[in-house]
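Chemist: A single structure is presented below for examination.
The values are calculated or read from the model by the stated rules, or taken from the named source; none is laboratory data. Bear in mind that the values here come from a model prediction, so they are computed numbers and not experimental data. Cβ sites come from the backbone with ideal geometry, for glycine too, and all protein chains shown count toward neighbours. Side chains included, ligands, DNA and RNA excluded: accessible areas come from the protein's heavy atoms. Shrake-Rupley method; radii C 1.70, N 1.55, O 1.52, S 1.80 Å.
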Amino acid sequence: MPSPVAERPVGRIPVSLLTGFLGAGKTTLLKQLMKDPAMAGSVLLINEFGEVGIDHHLVDRLDEHTLLLDSGCICCSVQGDLVRALRELHQRFSRREIPALSRVLIETTGLADPVPLVGTLMEERFVAARYLCDGVLTVVDAEHGLDQLGRYREAVRQVAMADRLLIGKGDLCDAATRTRLEAKLAALNPTALRLEVRHGKVPADRLFGGGIYAAAGKSPDVARWLMDERGRYRPLAAPAGLAHGAAVQRRLHVERHGDGVSSFVVRFEAPVPWPGFAVSLGRILAAHGQRLLRVKGLMAVAGDPQPHVIQCVQDAVYPPVRLPAWPADGAFADRCGRLVFIARDLEPAAVESIREALTDLPGTAAAMRMAAARPLLPTRCWLGRHMPVGSERDIELDAWFVRPKRFAKRPVIGTCD
C-alpha cells in the first residue's frame with residue numbers, strides 16, 4: 001500500500017468519500033469510526049437527498065460545530081454545497097481559526113454517483129490545489145447488494161470507483177448469495193481491497209492512506225467516466241479586474257438520476273393514532289416498497305408529547321425512536337409530523353393514493369383487524385409501540401453538515417444562511 005506521507009503533496013488535506021447504496025450501513029460504520037482516536041482532527045460532511053430536510057433535526061446540536069448546508073444530492077450539486085464547504089473550511093484553517101485538519105470524510109447519500117465528486121476534487125482548481133482525493137470507500141449490503149447492483153446504475157458506479165469495498169450485514173446473507181455477490185464485485189472491481197464490517201466496526205488504519213486517487217487497476221469504465229467528467233469543466237473568459245491569464249472554470253450541470261427519481265412530502269396537521277398510522281404505512285410499503293427507496297420523517301403521535309423518528313428503506317422498517325423534544329426552529333417548530341418519500345418510477349396516481357391513505361387513517365380497532373388479516377405486514381413489529389428514548393446521533397443522517405471531530409478551539413464553520 002502506498003505511503004500516505006510519501007504520496008501526499010505538502011499542505012494538501014486528504015479527502016475520503018464514503019459511499020454505498022441506501023440502507024447499506026454507512027451511518028452505522030460512521031458511528032463507530034468517529035469514536036476511533038485515529039480520527040481526531042477530522043471533519044465529517046454528510047449529504048441529503050429530499051425536498052425537506054428531516055435528518056438535521058436528528059443530530060445533537062451541542063455547539064456551533066454543526067452546520068446545515070443546502071439540501072440536495074451531492075453528485076447533482078458539487079459546484080454548490082461541496083465546493084463552498086471545502087472553500088470555507090480551508091479559509092478558516094488558513095486564518096488559524098481552527099487547528100490543523102488531519103482529514104475530511106464525506107458521506108454521500110445512497111443515491112450519489114461518486115464520479116462527479118472525485119472529478120471535483122481532482123479538477124476544480126481551488127479545491128484541487130488544497131485537497132487531494134485519498135480514496136473511495138464503498139459499503140455493500142451483503143444481503144441486498146446483488147439485487148441493487150442489478151437494478152441501480154448508482155450502485156454499480158459506487159462499487160466500480162471504490163478503493164476499498166466494505167461488506168456489511170454478512171450475518172444476514174446465506175452462503176450462495178454471498179458467493180454470487182463476491183463474483184459480481186470481482187467483475188466490477190477486481191483490485192479493490194475487501195473488508196468485512198461487523199456491527200459497523202473496522203479499524204480506521206485499514207481505510208485511509210491510499211495516496212492520490214487513480215483509475216489504474218480499476219475497470220476501464222472508471223477512466224472513461226473520469227475523462228467525461230473532466231470534459232464538463234469549461235474555461236471562461238476572465239472577468240474584469242482578474243489577473244491576465246488567470247483561469248476561471250464553469251462546471252456544466254448534468255442531471256445524474258434522470259426523471260425516475262423523485263421526492264414528495266406528506267404533512268400531518270394533527271397527531272396520528274399510532275396503530276392506524278403503523279398499519280397504513282405498512283400497507284403502503286407492501287404495495288410500493290420496491291419503488292420507495294427511502295421513507296423518513298418525524299411524527300407527532302396522539303397521547304405522546306415527544307416526536308417519533310420514522311425510518312424505512314423499501315419494504316424494510318427500522319424500530320421507531322422517541323426523541324427527547326421537538327426541534328425549536330425550522331419546519332418542525334410547528335410540531336406537525338412530516339414524512340419524506342424518496343421514490344423511483346412511482347406513478348403520480350400511486351403518489352396520490354399514498355397521500356390519501358395517510359390522510360384517512362383507520363381507528364385502533366379497525367387497524368388491529370387489518371393487521372390480523374396481514375400477518376406479513378412490514379410494520380407489524382411497530383404495533384407493540386416499544387420506542388426507546390434515544391440520542392439524535394443514533395439516527396441515520398442525510399443533510400449536509402460539517403462537523404469537526406474533537407476540535408477544542410473555535411468552530412470549523414459558522415452558520416450559513
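Chemist: Take the residues in segment 138-147 that are at pLDDT 90 or above and of a type outside the set (D, E, K, R), then tell me which one is most open to solvent (accessible area, probe 1.4 Å).
Modeler: Applying the filter and picking the extreme gives Leu146.
Chemist: On to the next question. What number of residues within segment 270-298 are modelled with pLDDT of 95 or more and in a strand (DSSP E or B)?
Modeler: Total satisfying the criteria: 1.
Chemist: When only residues in segment 340-382 that are among the polar types (S, T, N, Q) and open to solvent by 20 Å² or more (accessible area, probe 1.4 Å) count, which is farthest from His288 (Cα to Cα)? Working first, answer last.
Modeler: Keep residues of segment 340-382 that are among the polar types (S, T, N, Q), which gives 353, 359, 364, 379.
Keeping just the survivors that are open to solvent by 20 Å² or more (accessible area, probe 1.4 Å) gives 353, 359, 364.
Values: Ser353: 11, Thr359: 17, Thr364: 24 Å.
Once the filter is applied, the top-ranked residue is Thr364.
Chemist: Okay, moving on. If Leu383 passes every condition in (1) at pLDDT 90 or above; (2) assigned to a helix (DSSP H, G or I); (3) of a type in the set (A, V, I, L, M, F, W, C) but one, which one does it miss?
Modeler: (1)
Chemist: Can I ask one more? Only one of Ala155, Ala175, Ala162 is small (Gly, Ala, Ser), open to solvent by 20 Å² or more (accessible area, probe 1.4 Å) and under 27 Å from Gln32 (Cα atoms); which? Don't jump to the end; show me each part of the working.
Modeler: Working: Ala155 fails: open to solvent by 20 Å² or more (accessible area, probe 1.4 Å); Ala162 fails: open to solvent by 20 Å² or more (accessible area, probe 1.4 Å).
Exactly one of Ala155, Ala175, Ala162 is small (Gly, Ala, Ser), open to solvent by 20 Å² or more (accessible area, probe 1.4 Å) and under 27 Å from Gln32 (Cα atoms), namely Ala175.
Chemist: Ok, one more. Which condition number in (1) part of a helix (DSSP H, G or I); (2) crowded, with 24+ Cβ neighbours inside 10 Å is the one that Arg92 fails?
Modeler: Of everything listed in (1) part of a helix (DSSP H, G or I); (2) crowded, with 24+ Cβ neighbours inside 10 Å, Arg92 misses just condition (2).
Chemist: Also: Which one is most open to solvent (accessible area, probe 1.4 Å), of the residues in segment 326-338 that are closer than 18 Å to Ala302 by Cβ and in a loop (DSSP other than H, G, I, E, B)? Before you say what the answer is, go through the steps one by one.
Modeler: Of the residues in segment 326-338, the ones closer than 18 Å to Ala302 by Cβ are 326, 332, 334-338.
Now narrow it down to the ones that are in a loop (DSSP other than H, G, I, E, B): 326, 335-336.
Values: Trp326: 28, Arg335: 141, Cys336: 15 Å².
The qualifying residue most open to solvent (accessible area, probe 1.4 Å) is Arg335.
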